[in-house]
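First the structure, in the form of structure tokens, and then the observations on it.
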Amino acid sequence: MASLTIRAPTAAKLACKKSQVAGDRVGVVAAAPKHAATKAVTQCSFNSRQQVGMKAQKVARDVRMFGEYGASSTSFYTTTEKQDSYDALDAILDAKMKDPQIKAVIKEMLDACADITEALRSALVTVEGSSNTFGDAQLSVDVIADNIMWDACKNSPTIAFGASEEEPEVKPCNPDGEFTVCWDPLDGSSIVDNNWAVGTMIGIWGSKSGSGDDGLLGATGRDQVTSLVALYGPRTTVLVALDDGVYEFSYGCTPEGCQLPDGTFEPWICSRSDIKISEDCKIFSPANMRAAQEVEGYKKLIDHYMDNKFTLRYTGGLVPDVYQQFTKNQGVFANPTSDSSPAKLRLAFEAAPFGLLVEKAGGSTSDGVTGGSVLDVEITAVDQRTALCIGSSNEVERFNDMICMVGGN
């Protein structure tokens, strides 16, 4: 994908150059300013006023890190510090993904996520006049995102089969390809008209995995070679499962002082490396709360969260509700089922891709029935549904104890 051209920054911003960092690791590193601005010049070294402000911010961050909340006493703020340089996508993939074919398919999927980003910025949210196989009315953005994913898969030399949540049927793409790709093109159709954050979930299996000929049926989520989850909000960020952990890549970002010599910026930079989810948390996202009327354990679990002053963070979109576990490094998402509120989440399109990322980051998952990992559930149908609990391991264990009754409580 060609570098994204961004309008040149003002003279107050620094020029940048792309250089070799630590052998093959390519970074975007701040260089000296080209010329002074008429009003102010941004410098790599902070002046005394900036240093004082930075110290104050550091103290505030340190306080929050030791158990305190933000100004509202319930909010969790970022502790991520600005870096002097950010690794480009290729540098991270070269260092953290040994398989060249997996590396190639990751880049193809990121290209598709970039295209969806640009489409969402210009498309209106309207009813398309069609429905998917579940009878849900398709929105214009659903169709656009799904078409972008299909175009990417059908034109890929690495993808043998593809399947979309909009039409859950495994279809052939390239007979010489090595992978089966399943995706939810735009999760959050019920909230996208509010201009809330939505996302794309992608699971990638080897085309020979499972017991069938399509790389999916008979396989489990643990058979995935990688998965990606894109979040489209004020920024576009994508979580990717690499050999040694979970990495976040940001699209179209232009960090101050990081312009390349030709006036462009790297289309994708690594904004977070080797992300971890802690065992404990104070953030909860309770989905399918109707089930609490029938499942006594779920009602008690929600009461536990409230009694212990957990912070509620729930939008109704699976992507933002689980993605926050990677930015806040904690959290639990629960979606149990009942007779009148059956499972809605799709195993291959939603639960498995997110499950791989969460477990790779040190979190846990539950299938909501046996208490086992959702990654160990065999995929017996393309449209297979599942209950789900996912996130900080101690809270997933609590979910299993109270709802799956695996702990005997």
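The values are calculated or read from the model by the stated rules, or taken from the named source; none is laboratory data. The model shown is predicted, which means the values in this text are computed figures rather than measured ones. Note: ideal-geometry Cβ built from the backbone for every residue, glycine included; neighbour counts use all protein chains shown. Each accessible area value is taken on the protein alone, full model and side chains, heavy atoms only, with ligands, DNA and RNA left out. Shrake-Rupley method; radii C 1.70, N 1.55, O 1.52, S 1.80 Å.
A 32 angstrom limit on the alpha carbon distance is what I want to check against. Which of LYS98/LYS282; LYS299/LYS360; LYS96/LYS344; LYS107/LYS299; LYS208/LYS328 exceed it?
Values: LYS98/LYS282 36 Å; LYS299/LYS360 30 Å; LYS96/LYS344 34 Å; LYS107/LYS299 43 Å; LYS208/LYS328 36 Å.
The pairs that break the limit, which is 32 Å between Cα atoms, are LYS98/LYS282; LYS96/LYS344; LYS107/LYS299; LYS208/LYS328.
Considering every Cα-Cα pair within the stretch 84-207, what fraction, in whole percent, is farther apart than 21 Å?
Summing the P(r) of the stretch 84-207 above 21 Å gives 44 percent of all pairs.
Give the Rg/Rh ratio for the stretch 195-242, taking Rg as the radius of gyration of the Cα atoms and Rh as the Kirkwood radius, to two decimals. Don't skip to the end; give the middle numbers.
Working: Rg = 13.7 Å, Rh = 12.0 Å.
Value, to two decimals: 1.14.
Which value, in Å² rounded to 10, gives the accessible area of ARG121 with a 1.4 Å probe and all protein chains present?
Spelled out: ARG121, probe radius 1.4 Å, area about 150 Å².
Order the peptides 308-314, 393-399 from the highest to the lowest mean number of other Cβ atoms within 10 Å of their residues.
393-399, 308-314
Using protein chains only and a probe of 1.4 angstrom, how many square angstrom of LYS154 are accessible, to the nearest 10?
Its heavy atoms expose roughly 120 Å² to the probe.
Could you size up the charge dipole of the stretch 266-311 around its Cα centre, putting +1 on the beta carbon of Lys and Arg and -1 on that of Asp and Glu, and report it in debye to the nearest 20?
120
So what are the stretch 129-279's ellipsoid semi-axes, whole angstrom, largest first, if each one is the square root of 5 times an eigenvalue of the alpha-carbon gyration tensor?
27, 22, 16
Hand me the GluC sites (Glu not before Pro) from the stretch 264-371 located in a DSSP loop with no more than 16 other Cβ atoms within 10 Å, in residue order please. Please list the in-between numbers first.
Values: sites: GLU279, GLU294, GLU296, GLU350, GLU359; in loops: GLU279, GLU294.
Filter output for the stretch 264-371: GLU279, GLU294.
Which semi-axes, in whole Å and largest first, does the equivalent ellipsoid of the stretch 254-409 have when worked out from the alpha carbon gyration tensor as the square roots of 5 times its eigenvalues?
Values: eigenvalues 204, 66, 38 Å².
After diagonalising the Cα gyration tensor, the semi-axes are 32, 18, 14 Å.
log10 I(q)/I(0), Debye, Cα-only the stretch 328-394, no solvent, q = 0.25 Å⁻¹?
With one equal scatterer per Cα and no solvent, log10 I(q)/I(0) is -1.10.
Using the per-residue mean of other Cβ atoms lying within 10 Å as a proxy for protection, in what order, highest first, do the peptides 214-222, 179-187 fall?
Values: 214-222: 21.0, 179-187: 28.8.
Sorting 214-222, 179-187 by mean packing, highest first, produces 179-187, 214-222.
Hey, if you drop one equal point scatterer on each alpha-carbon of the stretch 252-332 and run the Debye formula without solvent, what base-10 log of I(q)/I(0) do you get at q = 0.19 Å⁻¹?
The Debye formula, applied to the Cα set alone, gives -0.89.
Would you list which aspartates and glutamates come within 13 Å of LYS82, measuring only between C-alpha atoms, while excluding same-chain residues fewer than 8 positions from it?
Hits, sequence-local ones excluded: GLU256.
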